[in-house]
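Engineer: Next up is a structure, given as structure tokens.
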């Protein structure tokens, strides 16, 4: 059958529309979170903001929770509810979280809102991408690769637009509007997904008996052990990467954020700088896939584990740049935001090599019947990384309120931690025995394997 005759499943537009709106809501909310906590938070009717350390701790505890719940969502989906029902129910929880942030500017509203968003956003995370794959059959599976390209593009498009727009909403109209707009987009995302209910292929849950058979098989236990060890190392990368929404934003507040392109000059808000990442991602993915990787492979075989190793070192270099910038700030200078731009370029290159490669590698290393579960484990590694950042920010506070890591010391600490981890990962990669689990035609007849 020629590709011209192939058609995308009827439910795909509803999934893409849902993902675009959902990612807009999530990244828009997250973009302004630290600025809200340090400048707009209310207590008993008056402004009572957190200090930078406390806001950073809250931010990473939220992100940790957000990436903990995917493992819960994966199990609930595969064992009890199925993907469609899980996404719908937890999306409603998600919307209620945005509502709490929009109507209550106190710490109570913040805690309730972030908890509900973590449950909702985290719970649906492992279900949505797998639900995309469920829509395809043998006759049109050749379109699946392009479909995931559109899917990933929609994620980054939603993230880029909201990260540029929502900080302006906060600056001009305050927290009610700034948190309310992402909430409305999440409600829209839920409605769009519900509208496709008659057009989706909805794979039913398989039950606990079939699920545990695969997970507790010898191959399953081996995959979990090997991948979990790898994810512990990669969690340090996430400890650094997710600080683009916390320590990077706080640093940019003290920088010269005017950008002069020659034909136009404008000033960026501190929380808008994060938009550079999704924009660069949309450029880097084809650049790396079709140009950089083939070129390097001519001289040096780039295995998945080698890509991840290089990415870990790059992440450390991005924080070294920030450490130099922080030294200038501590000396009374106001460095240009261009320094952070170059740090973003390096960190985004690291993301492509660690995150995308890690996801693909995890897929091949997990038995066919537990790929959703392994996706949950991968995201649990992101949770661990944010937990590490939160613990560091708690530990560095002295009893008198001063800090053990001041100024550039904070960024040098994480850069050093990343470099040490990258060196240690080289030895893990050398000893790792690579497996190759790919879906086969036979696996499509197994309900458990079809889930993935």
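The values are calculated or read from the model by the stated rules, or taken from the named source; none is laboratory data. Note that the structure is predicted; figures quoted are calculated from it, not measured. Backbone-built Cβ (ideal geometry, glycine too); neighbour counts: all protein chains shown.
Engineer: Got at least one residue in segment 423-433 being buried (at least 19 other Cβ atoms within 10 Å of the Cβ) and modelled with pLDDT of 95 or more?
Structural biologist: yes
Engineer: Restricting attention to segment 63-83, does a residue exist that is closer than 17 Å to residue 247 by Cβ and either touching a residue at least 40 places away in the same chain (Cβ under 8 Å) or touching a helix residue (DSSP H, G or I) at 6+ places or on another chain (Cβ under 7 Å) (or both)?
Structural biologist: yes
Engineer: While we're looking at this one, here's another question. crowded, with 19+ Cβ neighbours inside 10 Å, part of a helix (DSSP H, G or I) and assigned by TED's automatic domain parsing to the domain that holds residue 37, is that true of residue 170?
Structural biologist: yes
Engineer: Quick one: is residue 387 modelled with pLDDT of 90 or more, surrounded by fewer than 21 Cβ atoms within 10 Å (Cβ to Cβ), on the phi < 0 side of the Ramachandran plot and within 15 Å of the chain's Cα centre (by Cα)?
Structural biologist: yes
Engineer: So which residues in segment 309-336 are crowded, with 21+ Cβ neighbours inside 10 Å and closer than 27 Å to residue 265 by Cα, if there are any at all?
Structural biologist: Listed by number, the residues that qualify are 318, 322, 325, 326.
Engineer: Same structure again: Do any residues in segment 216-228 that are under 15 Å from residue 428 (Cβ atoms) have Cβ atoms under 7 Å from those of residues that are in a helix (DSSP H, G or I), where the two are at least six apart or on different chains, and which pairs are they?
Structural biologist: Filtered contacts from segment 216-228: 226/365; 227/362; 227/365; 227/374; 227/377; 228/377.
Engineer: Can you give me the number of residues within segment 283-308 that are in a helix (DSSP H, G or I) and exposed (fewer than 15 other Cβ atoms within 10 Å of the Cβ)? Quick ask: steps written out before the conclusion?
Structural biologist: Applying the first criterion (in a helix (DSSP H, G or I)) to segment 283-308 yields 283-297, 304-308.
Still in the list and also exposed (fewer than 15 other Cβ atoms within 10 Å of the Cβ): 283, 286-287, 289-291, 294-295, 297.
Number of matching residues: 9.
Engineer: From 111, 102, 74, which residue is closer than 29 Å to residue 39 by Cβ and either under 21 Å from the mean Cα position of the chain (by Cα) or surrounded by fewer than 21 Cβ atoms within 10 Å (Cβ to Cβ) (or both)? Can you show your working first?
Structural biologist: On the way: 102 fails: either under 21 Å from the mean Cα position of the chain (by Cα) or surrounded by fewer than 21 Cβ atoms within 10 Å (Cβ to Cβ) (or both); 74 fails: closer than 29 Å to residue 39 by Cβ.
On inspection, the qualifying residue turns out to be 111.
Engineer: Next question, about the same structure. Scan segment 220-243 and tell me whether some residue there is in the same structural domain as residue 345 (by TED's automatic domain parsing), more than 27 Å from residue 416 (Cα to Cα) and buried (at least 21 other Cβ atoms within 10 Å of the Cβ).
Structural biologist: Yes, that holds for at least one residue.
Engineer: Being assigned to a helix (DSSP H, G or I), under 25 Å from residue 149 (Cα atoms) and modelled with pLDDT of 95 or more is true for just one of 316, 311. Which residue is that?
Structural biologist: 311
Engineer: While we're looking at this one, here's another question. Go through segment 25-108 and tell me which helices (runs of 4 or more DSSP H), entirely inside it, have 2 or more residues that are farther than 20 Å from residue 180 by Cα.
Structural biologist: It comes to 52-76, 83-103.
Engineer: Another one. Among 327, 348, 309, which is the only one that is under 25 Å from residue 164 (Cα atoms) and touching a residue at least 40 places away in the same chain (Cβ under 8 Å)?
Structural biologist: 348
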